[in-house]
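To start, the structure itself, in structure tokens.
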Amino acid sequence: MSEKILAMAAATAAVLWGASAAEYDPHAGRCLVWGDEFDGTDLDVTKWNFRQTMTTQDAVYDNGPRTVRVEDGVLKLMVGRSGNAAKPWLLPQGVTTADGMSFKYGYLEMYANVPFVEGCWPSFWMQSKDIHRSVPYMTEIDVFEVYDTRNIVAPNIHKWYSDGHYQAGGRKWGYKFKRKINLNNEYHLYGFGWTPDEMYFTVDGEIYFRYDLSQDFGDKNDGMQGFSDPVY
């Protein structure tokens, strides 16, 4: 069953637009500063690298052609059977710009078909690198995560410390698709806008969640400066 695709997260046209987002027309007044249309036959390693940021005990991680393909303008990240009884699943690592590109402010978007099925945790997220941090915490921004739901994508922002973390956002602030009958076969446009004052999150051009960056969260009361640090 090596070729059977049990779940697929496909991303195409991952692009970053520069400028402010004072008025929501995501491309108006912006210039394209980074992007990938996946128009070749291999992942562009000058832009992307693999990094295992999550771990499951019943899987083998492999970034070969059984789990990662670029074809027809689409990056396909696939889950299959490993043939290992103890670790039956075959998974790719995360695809990231950690070794190549971090950004600060602007507009980011991804056109993607993601799985809304039990056992999958697709996500589109960012974090700060040590060299860019101006605060004692690591910044994480989740454009969306799918928490084992059938039709909801949830935004989150986090502060990570050596002794734990704090979170704002979550499922109750998420975007709920009105139709879920064919959602696993649909592409949607997931967007993220970032200014010095706020972050906003979109699906198919609709802003569904905003976060005022003057509002601190967590118990340490150490400010929001980390959300002005570059992220990858």
Exercise. Only one of (1) within 26 Å of PHE116 (Cβ to Cβ); (2) at pLDDT below 95 fails for LYS220. Which number is that?
Worked result: (1)
Problem set entry | Criterion (among the hydrophobic types (A, V, I, L, M, F, W, C), more than 28 Å from PHE38 (Cα to Cα) and without any contact (Cβ under 8 Å) to a residue 24 or more places away in the chain) met by exactly one of ALA154, ALA168, ALA85 | ALA85
Problem set entry | Residue that is least open to solvent (accessible area, probe 1.4 Å), among those in region 171-187 that are touching a residue at least 24 places away in the same chain (Cβ under 8 Å) and either among the polar types (S, T, N, Q) or part of a helix (DSSP H, G or I) (or both) | LEU183
Seminar exercise, completed: If we keep only residues of region 209-227 that are outside any loop (DSSP other than H, G, I, E, B) and out of contact with any helix residue (DSSP H, G or I) (no Cβ under 8 Å at 6 or more places or on another chain), then the residue nearest to ASP25 (Cα to Cα) is ARG210
Seminar exercise, completed: Those residues of region 84-97 that are part of a loop (DSSP other than H, G, I, E, B) and crowded, with 17+ Cβ neighbours inside 10 Å come to a total of 3
Problem set entry | Hits in region 180-212 (condition: of a type in the set (Val, Ile, Thr) and touching a Gly at 6+ places or on another chain (Cβ under 6 Å)) | THR202
Exercise. Do we find that TYR107 is open to solvent by 40 Å² or more (accessible area, probe 1.4 Å) and assigned to a strand (DSSP E or B) in this structure?
Worked result: no
For this session: Tally the residues that are out of contact with any Asp or Glu (no Cβ under 9 Å at 6 or more places or on another chain), buried (at least 18 other Cβ atoms within 10 Å of the Cβ) and not in a loop (DSSP other than H, G, I, E, B), restricting the search to region 112-138.
Result: 1
Exercise. Scanning region 75-129 for residues that are over 16 Å from the mean Cα position of the chain (by Cα) and among the polar types (S, T, N, Q), which turns out nearest to ARG150 (Cα to Cα)?
Worked result: SER82
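The values are calculated or read from the model by the stated rules, or taken from the named source; none is laboratory data. As the structure is a prediction and not an experimental result, all values here were calculated from the model. Note that we place each Cβ from the backbone using ideal geometry, even for glycine, and neighbour counts take in every protein chain shown. The area values use the complete protein model at the heavy-atom level, side chains included, leaving out ligands, DNA and RNA. Shrake-Rupley method; radii C 1.70, N 1.55, O 1.52, S 1.80 Å.
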